[in-house]
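Visitor: Structure incoming, see below.
The values are calculated or read from the model by the stated rules, or taken from the named source; none is laboratory data. As the structure is a computational prediction, the values presented were derived from the model and not from experiment. Using ideal geometry, Cβ is built from the backbone for each residue, glycine included, and neighbour counts are taken over all protein chains shown. Just the protein is used for accessible areas: all its heavy atoms, side chains included, with ligands, DNA and RNA removed. Shrake-Rupley method; radii C 1.70, N 1.55, O 1.52, S 1.80 Å.
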Amino acid sequence: MRAAPHLDTNQGAKLNFEGKINFFFDPTCPWTFVASQWIRQVSNQTQLPITYRPFSLALKNKENDVPEPYRSSQMSGLSILRMVVKVQALEGAQSNLIGELYRQFAKEYHLGGDKAVDPKVIAKRVGLSEDVIEAISDTALDSAIEDEMKFALSFTGNDVGVPIVVVEVNGDTFGFFGPILHRLPDVEHSVKLFNALVELAEIECFSELKRSRAQVDVGSHLV
């Protein structure tokens with residue numbers, strides 16, 4: 001078996017492999033927001049690039065009876081993700097606008113507590129063009145989001161939501177649901193956690209570890 005890629009926490013978290021991280025997100029999920037802060041912290045230390053990719057809880061749950069206010073919240077996230085797909089088409093999947101759109105929305109929605117934040121206001125703040133902003137109501141883009149979701153779920157199974165992380169390293173691609181973090185770890189533990197997840201993801205027969213969740217602290221804090 002090939003040795004798992006590893007980030008050396010004793011040498012400034014240097015990489016001994018090349019690759020990239022695909023981070024699948026719904027912008028309204030608080031657990032995903034904390035995980036996004038964690039993966040940015042890993043990326044900042046290692047220069048491993050992140051591609052933010054859409055995963056809609058509204059589309060995932062469209063056949064389910066989701067109560068309010070969760071349904072409206074998930075639809076707000078879908079508006080953001082339609083703009084993400086439009087940016088992908090115009091600027092490429094690695095456009096910095098995608099991560100910035102997510103961060104600016106999260107500042108209002110998660111950190112500011114404004115669950116009714118207007119996606120158009122966030123889009124204009126980021127500097128998105130009018131044709132991207134018009135994508136908010138374009139249901140034709142939902143099929144592209146669902147294609148992204150199918151790719152993510154091919155690594156995890158269909159019984160999960162987000163966050164999902166898919167890592168491409170040394171010619172291999174593997175993914176997992178999670179991690180579920182109730183707060184942002186410090187830099188050293190962020191990299192250690194990434195190492196551990198990479199090690200586990202390589203073991204094909206491994207499926208799950210779990211312990212009870214604490215209250216999520218979305219303000220613990222990189223942004």
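Visitor: Using only Cα positions of segment 113-223, each an equal point scatterer, no hydration layer, compute I(q)/I(0) via Debye at q = 0.17, 0.19 Å⁻¹ and quote the log10 values to two decimals.
Guide: Log10 I(q)/I(0), no solvent term: -1.12, -1.20.
Visitor: Below 8 Å, C-alpha to C-alpha, sequence gap of six or more: please give me the relative contact order for the chain in percent.
Guide: About 31 percent, as a whole number.
Visitor: Here is a follow-up. I'd like the carbon and sulfur percentage of the solvent accessible area for segment 70-198, probe radius 1.4 Å, heavy atoms only, ligands and nucleic acids excluded. Could the numbers behind the result be given before it?
Guide: Details: 2870 of 5860 Å².
Roughly 49 percent, rounded to a whole number.
Visitor: Also, I was wondering about something else. What accessible area per residue, rounded to a whole number of Å², is obtained for the chain using a probe radius of 1.4 Å?
Guide: Working: 11210 Å² over 223 residues.
Dividing the accessible area of the chain by its residue count gives 50 Å².
Visitor: Fully extended, how many nm does the chain gain between Met75 and Glu199 (0.36 nm per residue separation, minus their Cα-Cα distance)? Before the final figure, lay out the partial values.
Guide: Working: separation 124, 0.36 × 124 = 44.64 nm, distance 3.55 nm.
This chain segment gains 41.1 nm when fully extended.
Visitor: May I ask you to list the lysines whose Cα is less than 24 Å away from that of Lys86, ignoring any residue fewer than eight positions away on the same chain?
Guide: Lys20, Lys60, Lys62, Lys107, Lys115, Lys120, Lys124, Lys150
Visitor: If each of Thr173 and Glu134 carries a label point 7 Å out from its Cα toward its Cβ, how far apart are those two points in nm?
Guide: About 3.2 nm, to one decimal.
Visitor: Would you mind calculating the gained length between Asn64 and Glu188 on full extension (0.36 nm times residue separation, minus the Cα-Cα distance), in nm to one decimal?
Guide: Working: separation 124, 0.36 × 124 = 44.64 nm, distance 4.00 nm.
Stretched out fully, the Asn64 to Glu188 stretch lengthens by 40.6 nm.
Visitor: Convert each backbone phi in segment 131-142 into a coupling constant with the Karplus relation 6.51 cos²θ - 1.76 cosθ + 1.60 (shift: θ = phi - 60°), then list the ³J(HN,Hα) values in order as whole Hz, x for Gly and Pro.
Guide: 5, 6, 4, 5, 5, 3, 9, 8, 5, 5, 7, 5
Visitor: Above 24 Å lies some portion of the pair distances; for the chain, what is it as a whole percent of all C-alpha pairs?
Guide: Values: 10357 of 24753 pairs.
That tail contains 42 percent of the Cα-Cα pairs.
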